[in-house]
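The values are calculated or read from the model by the stated rules, or taken from the named source; none is laboratory data. Quantities reported herein were computed from a predicted structural model and do not represent experimental measurements. Here the Cβ positions follow ideal geometry from the backbone for every residue, glycine too, while neighbour counts run over all protein chains shown.
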Amino acid sequence: MPRAELTRSEEKTPWLRLPVMAEGAEHLVMGYLMRRNILTYKAPPLNEGYDLICIHPDPRHRLKKGEQAQVRVQVKSRYQTGPTGFLVKEKSLSAFDYLVVVLLNIGDFKRGKSGLTGAKPPTLYTLPRRLVRRWHVSDSRMQKVVLRGRDQVLAKYEGELGFERIANALGVPRPSR
């Protein structure tokens with residue numbers, strides 16, 4: 001069909017689905033958590049509300065006040081470099097303890113760009129449920145969490161700082177001699 005005959009909806013760029021990258025994001029998070037000595041298991045595929053289960057690596061560990069026996073983690077990934085948010089359903093907000101946002105940063109896809117430029121290293125944020133709930137926007141079109149304009153707050157949850165929150169919730173000490 002010649003380009004002039006396409007309707008507006010037909011001209012739109014097709015939705016890019018990358019299931020391998022979404023699965024890879026979960027494994028990336030597992031690797032970082034296990035690197036911090038947090039025993040991490042993947043939940044069954046299509047499990048509702050969370051993707052990973054974290055526990056203390058010592059089977060004889062006794063919970064102290066404020067510690068949890070397990071931590072449920074939801075993983076959300078975005079392939080776009082510099083995304084401004086991610087989708088999360090309101091009904092799943094009570095199913096996880098932490099949500100790890102994996103910004104894969106594979107390229108720039110904004111405004112019709114191909115994604116072949118703009119790649120950067122991944123960024124990971126470990127957000128507690130209360131923060132996700134506070135930032136959650138539920139309108140008639142989408143249920144999402146908006147990250148735009150929250151860089152100062154997000155810095156407290158980035159990378160190692162975020163994974164340390166899960167370690168503290170489980171009572172997992174930092175590995176040392």
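Among residues belonging to segment 77-89 that are under 17 Å from ASP108 (Cβ atoms) and not polar (S, T, N, Q), point out the one that is surrounded by the fewest Cβ atoms within 10 Å (Cβ to Cβ). Break it down into steps so the answer makes sense when it comes.
Kept after step one, since they are under 17 Å from ASP108 (Cβ atoms), are these residues of segment 77-89: 77-85.
Now narrow it down to the ones that are not polar (S, T, N, Q): 78-79, 82-83, 85.
Working: ARG78: 22, TYR79: 19, GLY82: 15, PRO83: 18, GLY85: 17.
Step by step, filter segment 77-89, then rank; the result is GLY82.
Against the condition surrounded by fewer than 18 Cβ atoms within 10 Å (Cβ to Cβ), within 21 Å of GLU48 (Cα to Cα) and at pLDDT below 90, how does SER92 come out, does it pass?
Values: surrounded by fewer than 18 Cβ atoms within 10 Å (Cβ to Cβ): yes; within 21 Å of GLU48 (Cα to Cα): yes; at pLDDT below 90: no.
No, not satisfied.
What tally of residues in segment 33-53 results from selecting those that are at pLDDT 95 or above and closer than 15 Å to SER77 by Cα?
Result for segment 33-53: 3.
For segment 32-76, which positions are buried (at least 17 other Cβ atoms within 10 Å of the Cβ) and of a type in the set (Asp, Glu)?
ASP51
Would you point out which residue out of VAL102, VAL73 is within 20 Å of CYS54 (Cα to Cα) and in contact with a Pro (Cβ under 9 Å, 6 or more places away or on another chain)?
Working: VAL73 fails: in contact with a Pro (Cβ under 9 Å, 6 or more places away or on another chain).
When all the criteria are applied, what remains is VAL102.
Could we say that GLN152 is in contact with a helix residue (DSSP H, G or I) (Cβ under 8 Å, 6 or more places away or on another chain) and within 17 Å of GLY85 (Cβ to Cβ) here? Give the steps one after another, and end with the answer.
On the way: in contact with a helix residue (DSSP H, G or I) (Cβ under 8 Å, 6 or more places away or on another chain): no; within 17 Å of GLY85 (Cβ to Cβ): yes.
Against the criterion (in contact with a helix residue (DSSP H, G or I) (Cβ under 8 Å, 6 or more places away or on another chain) and within 17 Å of GLY85 (Cβ to Cβ)), GLN152 does not qualify.
Okay, residues lined up against (1) more than 21 Å from LYS144 (Cβ to Cβ); (2) free of Cβ contacts under 8 Å to residues at least 24 places away in the same chain; (3) in contact with a strand residue (DSSP E or B) (Cβ under 8 Å, 6 or more places away or on another chain):
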site	(1), (2), (3)
PRO59	yes, yes, no
VAL71	yes, no, yes
LEU104	no, no, yes
SER114	yes, yes, yes
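For residues that are at pLDDT below 95 and part of a strand (DSSP E or B), scanning just segment 124-158, find the one that is farthest from GLY31 (Cα to Cα).
Only one residue fits best here, namely SER138.
Out of PRO128, PRO122, I need the residue that is over 19 Å from GLY82 (Cβ atoms) and surrounded by 11 or more Cβ atoms within 10 Å (Cβ to Cβ). Which one?
Details: PRO122 fails: over 19 Å from GLY82 (Cβ atoms).
Answer to the selection: PRO128.
State the number of residues belonging to segment 86-105 that are closer than 22 Å to VAL137 by Cβ, hydrophobic (A, V, I, L, M, F, W, C) and assigned to a strand (DSSP E or B). I'd like the intermediate steps shown before the answer.
Start the filter on segment 86-105 by keeping residues that are closer than 22 Å to VAL137 by Cβ, which leaves 86-103.
Retained after the next criterion (residues that are hydrophobic (A, V, I, L, M, F, W, C)): 86-88, 93, 95-96, 99-103.
Add one more test, that the residue is assigned to a strand (DSSP E or B), and what stays is 86-87, 99-103.
So the answer is 7.
Which one of these does TYR79 not meet: (1) under 27 Å from GLY171 (Cα atoms); (2) hydroxyl-bearing (Ser, Thr, Tyr); (3) under 13 Å from the mean Cα position of the chain (by Cα); (4) not in a loop (DSSP other than H, G, I, E, B)?
Here TYR79 clears every test but (1).
Against the condition assigned to a loop (DSSP other than H, G, I, E, B), free of Cβ contacts under 8 Å to residues at least 60 places away in the same chain, of a type outside the set (Gly, Ala, Ser) and closer than 18 Å to ASP151 by Cβ, how does LYS65 come out, does it pass? Even if it seems obvious, please write down each step before you answer.
Numbers: assigned to a loop (DSSP other than H, G, I, E, B): yes; free of Cβ contacts under 8 Å to residues at least 60 places away in the same chain: yes; of a type outside the set (Gly, Ala, Ser): yes; closer than 18 Å to ASP151 by Cβ: no.
For LYS65, the condition - assigned to a loop (DSSP other than H, G, I, E, B), free of Cβ contacts under 8 Å to residues at least 60 places away in the same chain, of a type outside the set (Gly, Ala, Ser) and closer than 18 Å to ASP151 by Cβ - is not met.
Could you grab me the full set of residues in segment 106-121 that are of a type in the set (Lys, Arg) and part of a loop (DSSP other than H, G, I, E, B)? Give the steps one after another, and end with the answer.
Within segment 106-121, the subset of a type in the set (Lys, Arg) is 110-111, 113, 120.
Of everything in segment 106-121, those that are of a type in the set (Lys, Arg) and part of a loop (DSSP other than H, G, I, E, B) turn out to be LYS113, LYS120.
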